[in-house]
Amino acid sequence: MIFFKTKLKYLLAISFVALQFFGQAQTSRKIRFPNLPNYLTLVTDLHQHSVFSDGSVWPDIRVEEAIFDGVDVISLTEHLEYQPHQQDIPNKDRNRSYDLAKAYAEGTDLIVIRGAEITRNLPPGHSNALFIQDANKLIKENAIDAFREAKNQGAFIFWNHPNWIGQNRLGISQLSSLHQQLIDEGLLNGIEVTNENTFAEQALEIANQNNLTIMGTSDVHGLIDWLFDIPGGGHRPVTLVFAKERSEDGVKDALFRGRTVVWYQNNLIGQEQYLVPLIQSSLTMDSVYYETYDGQITQVANVRITNSSDATYVLSNESDFSLYTKQHVFTIDPNTTTTLMIKTGAFLDHFDLQFQVLNATFAYRKHPTITIPVILN
Ligand SMILES: [Zn+2]
Ligand SMILES: [Zn+2]
């Protein structure tokens with residue numbers, strides 16, 4: 001009896017530890033960013049592969065990985081023209097991958113969008129067409145005809161990995177006259193500034209100059225955990241989409257209107273008009289009080305800042321005030337509350353903190369500045 005009790009206690013202790021451990025592991029890999037004042041923030045990964053083109057996994061794994069990562073929206077964008085597993089997996093129906101993924105996601109919150117990768121030599125290179133009705137109809141001799149068919153089906157089309165050294169030995173994204181024609185005809189709506197583990201600095205300029213939606217994707221072929229070292233604390237690259245509603249139509253509307261920010265290797269990349277509210281929604285004042293010493297109030301304010309996002313922010317102080325414990329460049333950890341000691345030079349009942357966010361980019365090596373209002377409570 002005693003033995004049983006001890007054993008039960010032991011088992012309970014083990015399950016408690018296990019629950020804590022797995023509970024933490026599960027929540028810590030979920031990608032979390034706050035909503036904007038006027039929009040829902042949806043986490044999307046809109047470029048992925050399965051065995052139905054050149055990937056190594058069945059579509060159910062893509063669905064499960066997305067659910068593990070807290071991804072809201074995915075698309076399996078199989079290569080239309082490149083089907084290396086065809087002998088083992090005869091794939092006449094290019095919609096099959098989507099149909100399977102959609103069925104696996106049934107009963108979950110995951111939104112699966114029908115898409116395909118138009119896979120051509122550069123130019124135009126590879127492009128993803130999302131929100132299509134029938135992938136089979138995109139198989140055309142001429143690349144432009146494939147783009148036109150996608151557009152006829154209502155697609156949002158973006159240029160994939162414009163920096164890819166597999167097609168472009170310089171690794172530098174360059175807009176060709178064919179791309180210009182596609183943009184002019186409304187056949188190219190977005191561009192990847194990050195793909196898998198690469199960043200295309202020039203693609204951000206192409207996006208800004210041509211009003212293309214800024215995209216970032218995993219382009220995963222194997223396993224997300226291996227490619228992005230999730231057990232080691234990594235994260236998959238995603239496009240945060242700012243939608244009016246949590247639905248396929250909501251995502252489509254946001255993509256066509258360019259309401260995105262890419263999260264890539266702990267960097268945020270997007271238009272300043274979306275970066276600033278995203279970061280300001282992530283970093284908010286929790287509380288403030290002035291430090292006392294020997295019973296006397298000082299002119300050093302303790303400002304508690306909550307970071308309700310997964311980003312580790314790298315901030316450079318742009319305020320008039322300096323910090324008591326930190327250099328002007330410092331980091332704020334994700335999902336924590338940090339106390340900053342601010343030397344305000346006087347007792348102030350309100351003031352603004354301003355920081356340049358060094359791990360956020362809106363144009364060529366340009367970082368946004370955010371303001372955190374501090375009000376004594
Ligand atoms: Zn590709
Ligand atoms: Zn791809």
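Overview of values
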quantity	calculated
Total residues in segment 81-100, condition more than 16 Å from ligand 1 (Cβ to nearest atom) and not in a loop (DSSP other than H, G, I, E, B)	4
Of all residues in segment 158-210 being away from ligand 1 (no atom under 16 Å from the Cβ) and of a type in the set (D, E, K, R), the one that is farthest from Leu240 (Cα to Cα)	Arg169
Checking Asn91 against (1) of a type in the set (S, T, N, Q); (2) under 25 Å from the mean Cα position of the chain (by Cα); (3) over 29 Å from Ala243 (Cα atoms), the condition it does not meet	(2)
Among (1) part of a helix (DSSP H, G or I); (2) more than 16 Å from ligand 2 (Cβ to nearest atom); (3) surrounded by 22 or more Cβ atoms within 10 Å (Cβ to Cβ) - the single one Tyr104 does not satisfy	(3)
Any chance Asp72 is surrounded by fewer than 17 Cβ atoms within 10 Å (Cβ to Cβ) and either in the same structural domain as Trp226 (by TED's automatic domain parsing) or touching a residue at least 60 places away in the same chain (Cβ under 8 Å) (or both)	no
Lone unmet requirement of (1) within 16 Å of ligand 2 (Cβ to nearest atom); (2) more than 20 Å from Ala116 (Cα to Cα); (3) assigned to a helix (DSSP H, G or I) for Asn168	(3)
Qualifying residues in segment 104-145 (those that are closer than 17 Å to Asp93 by Cα and of a type in the set (Asp, Glu)) - the one nearest to ligand 1 (Cβ to nearest atom)	Glu117
Strands (runs of 3 or more DSSP E) within segment 336-377 that include 2 or more residues of a type in the set (A, V, I, L, M), modelled with pLDDT of 95 or more and farther than 25 Å from Thr239 by Cβ	336-343, 369-375
Residue that is surrounded by the most Cβ atoms within 10 Å (Cβ to Cβ), among those in segment 314-335 that are in contact (Cβ under 8 Å) with a residue 24 or more places away in the chain and farther than 23 Å from Ile269 by Cβ	Phe321
Some residue of segment 73-80 being within 17 Å of the chain's Cα centre (by Cα) and away from ligand 1 (no atom under 16 Å from the Cβ)	yes
Some residue of segment 344-352 being touching a residue at least 24 places away in the same chain (Cβ under 8 Å) and under 30 Å from Glu201 (Cα atoms)	no
Unique residue being in contact with a Phe, Trp or Tyr (Cβ under 9 Å, 6 or more places away or on another chain) and buried (at least 20 other Cβ atoms within 10 Å of the Cβ) when the list is Leu340, Leu376	Leu340
Some residue of segment 358-366 being within 29 Å of Leu204 (Cβ to Cβ), touching an Asp or Glu at 6+ places or on another chain (Cβ under 9 Å) and in the same structural domain as Ile224 (by TED's automatic domain parsing)	no
Test: residue in segment 175-191 that is assigned to a loop (DSSP other than H, G, I, E, B) and either within 23 Å of Asp310 (Cα to Cα) or not assigned by TED's automatic domain parsing to the domain that holds Ala66 (or both)	no
Meets criteria (within 14 Å of ligand 1 (Cβ to nearest atom), outside any loop (DSSP other than H, G, I, E, B) and touching a residue at least 24 places away in the same chain (Cβ under 8 Å)) for Gly55	no
Selection count where residues are over 14 Å from the mean Cα position of the chain (by Cα) and away from ligand 2 (no atom under 16 Å from the Cβ), scope segment 182-207	14
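Here is a yes/no grid of residues against (1) under 29 Å from Glu205 (Cβ atoms); (2) outside the structural domain of Glu192 (by TED's automatic domain parsing):
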{"site": "Leu240", "(1), (2)": "yes, no"}
{"site": "Lys244", "(1), (2)": "yes, no"}
{"site": "Asp249", "(1), (2)": "no, no"}
{"site": "Asp253", "(1), (2)": "yes, no"}
{"site": "Thr260", "(1), (2)": "yes, no"}
{"site": "Pro277", "(1), (2)": "yes, yes"}
{"site": "Tyr293", "(1), (2)": "no, yes"}
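The values are calculated or read from the model by the stated rules, or taken from the named source; none is laboratory data. Keep in mind it's a predicted model, so treat the numbers as computed, not measured. Because the Cβ atoms are built from the backbone with ideal geometry, glycine has one as well, and the counts that use them run over all protein chains shown.
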